[in-house]
Amino acid sequence: MAFYGLLTAALLAACCLYREPVQNRGRRCDGRMTRERALNLCVLALLFTAMTVVAALRIDVGNDYGNYVNTFHEIYMNGYVVTEPGFNLFVRLVYVLCGGENYLVVFALFAAATSALFLRAMVDQSVDFRLSFALFMLMGLYFRTFNTVRYYFVLAVTLYSLRYVLRGEWGKFFIWIVAAATFHKSVLVVIPLYFLAALPWRRWQVALGAVAAISLPVFRDFWMEIVLKLYPSYQNTVYLEKGTGLEGSLMGIVRCGAVLALCLAVWKDEAPVRRLEEEDKGPDDAEGERFKGTKGIGKSDNVKGIDGISRAEGIEETTGIRRTEKAERTDGILGRAAMKEEGRQRRTMRILELPANRFYLKLNLLGLAVYTCASFLPLVSRFGYYLITAHVLLVPGILCRLPEGRKKRLLYAGTLVFSVLYFAYFLLTAHQEGVRVLPYHTWIFTEKEWLNGSFVF
C-alpha cells in the first residue's frame, strides 16, 4: 500500500513539470522544438517508463494473473481457450520470438502499450494533461491495469479513439474498435453507446432510455442469461458473486454522481470560446497601420459538432478549441473595429454546451444508468467503465474553462479532496478478491516463479 502511495506521489510530482502546449491554450503551435516542448517530452518519457517498468516487473499481482499465465500456456500448446483470436495470435507470436513460454514479456508488452495509449489520449484530448493524469492515478485506473490485462488494453484503445467520435470520423472509430475487439469482444458495446451519446437527446428518447434501464433489474434473469451466453466462461465464477466486479456498483454510482454534481454546479457558467488575440503589426504605409494577421482567431463557415449541428463562426471542438487562421478582409485590410465586432458575435458559450463536454456528460449519464440499474450483475457493470473513463477528460474540460474566482477554487479543492478520498478507499480495498492488485510482488526480489497456477522454484 505504501509503495502505491509513494509511486503515485512521485508521478504526480513529475507531472507538475509538464506545461500545456500553446495549441491547448488556443494558439497555434508551429511544431518547433522549444525548451518547453523538450521538457514535456522528458516528463512524458519519465511517466511512461515508470508506469511500464512497475507493471512489467510485477508477478502474481492481480486477480487474473495466474489465469492469464495458464491461458498463455494453452495458446502456445494449441489448446482450447476462450480468448479472442487477436490476443491469441499476439501471445503465440511473442512466445515464438522468445523461443519459449516467457509470459513476463507478454505482460511487459501489454503494460507498455496500455500506458502509451492512455498517456497519448490524455495529452492529445485533455485541455489540462496534469489534471487528467492526476485523476487517472487517483481513481486507481493505472493500478487496475495490473488485473484485467486485455480489458484495460482495449479500454485504453477506446479512450484514444474518442477523438474520432468528436470529429465525426466514424470510419476510423469503427476500425479501432473492431481491431480492439480481437483482444476483448466486450468493447463492441461502445459502438451503439457512443453513437447514442453523439445524437441529440430529446425528451421521448430520454424516456425510452429510462424504460430500458428499468427493464434491467425487472428482468434480471433474462439479462443474466443473455450475458452468460456471450460469456460462458464466467459461469459459476467470482465475477457473478454479489459485491464483486471491476469496481463495484456502489463506487461507480458515487463516482458518476460526483461528476454529475460538478456538472450541475457549472450548469449556467460560460466559457470564452475566443482566446486573447495576438496581433502582428506591419509597418505603416500610405493607408495607415495595417493589420497583418492574427493567431488563434479565424472563421470557419461550416464546422459540424458531434450533434450534427452546423456551427458558424469557426468553433471546432475536438481536443480543445481550434482556430483557423483565415480572416475575411475588405480591400485586403481588416480593421481593428471589424475584428472587435467579429469577436463580440460569439465570445462565450456555456461550458456544458461545448461539444466535447456535452458528449462526455452523456457518457456519464449512461454510465450512471448502467451502474444503478445493473448493480445486480457486476459483470455488466464492467461495461460502465467504457463510459466513465472519459471522466479524466470531462472534469478538466469543466474546471479549466471556469472563470477565475472563488467558485473555481472551491470546485478545484472539492475535486482534489474527493479524488484523494477515492484513492484511499481504493488502496484499502485493492487486496480484495476480484481485484487483488495488493500486495505488490516483483520477480526481481523473489526466487519463485509463477507457472501454470502454482509456485515453482
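The values are calculated or read from the model by the stated rules, or taken from the named source; none is laboratory data. As the structure is a prediction and not an experimental result, all values here were calculated from the model. All Cβ positions, glycine included, derive from the backbone under ideal geometry; neighbour counts span all protein chains shown.
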Restricting region 80-117 to residues that are small (Gly, Ala, Ser) and more than 23 Å from Ser186 (Cβ to Cβ), the one surrounded by the most Cβ atoms within 10 Å (Cβ to Cβ) turns out to be Ala108
Please indicate, with yes or no, whether at least one residue in region 82-102 is closer than 30 Å to Leu416 by Cβ, under 23 Å from the mean Cα position of the chain (by Cα) and not aliphatic (A, V, I, L, M).
no
On the given criteria, is Pro232 at pLDDT below 90 and in the same structural domain as Glu433 (by TED's automatic domain parsing)?
yes
Scanning for something of a type in the set (Lys, Arg), over 21 Å from Ala179 (Cα atoms) and crowded, with 19+ Cβ neighbours inside 10 Å, does region 57-70 turn up at least one residue?
yes
Determine which member of the set Leu119, Leu93, Leu109 is assigned by TED's automatic domain parsing to the domain that holds Leu361, over 27 Å from Ala10 (Cβ atoms) and assigned to a helix (DSSP H, G or I).
Leu93
When you go through Glu341, Glu317, Glu328 one by one, which is the residue that is buried (at least 22 other Cβ atoms within 10 Å of the Cβ), over 30 Å from Ile226 (Cα atoms), among the acidic types (Asp, Glu) and at pLDDT below 50?
Glu317
Filtering region 50-69 down to residues that are in a helix (DSSP H, G or I), over 13 Å from Ile444 (Cβ atoms) and touching a helix residue (DSSP H, G or I) at 6+ places or on another chain (Cβ under 9 Å) yields Ala50, Met51, Thr52, Ala55, Tyr65, Tyr68, Val69
Scan region 70-87 and give yes if some residue there is closer than 19 Å to Leu57 by Cα, at pLDDT below 95 and either β-branched (Val, Ile, Thr) or in a helix (DSSP H, G or I) (or both), otherwise no.
yes
Could you check region 146-223 for helices (runs of 4 or more DSSP H) lying wholly inside it with 1 or more residues that are at positive phi, at pLDDT below 95 and out of contact with any Phe, Trp or Tyr (no Cβ under 8 Å at 6 or more places or on another chain)?
none
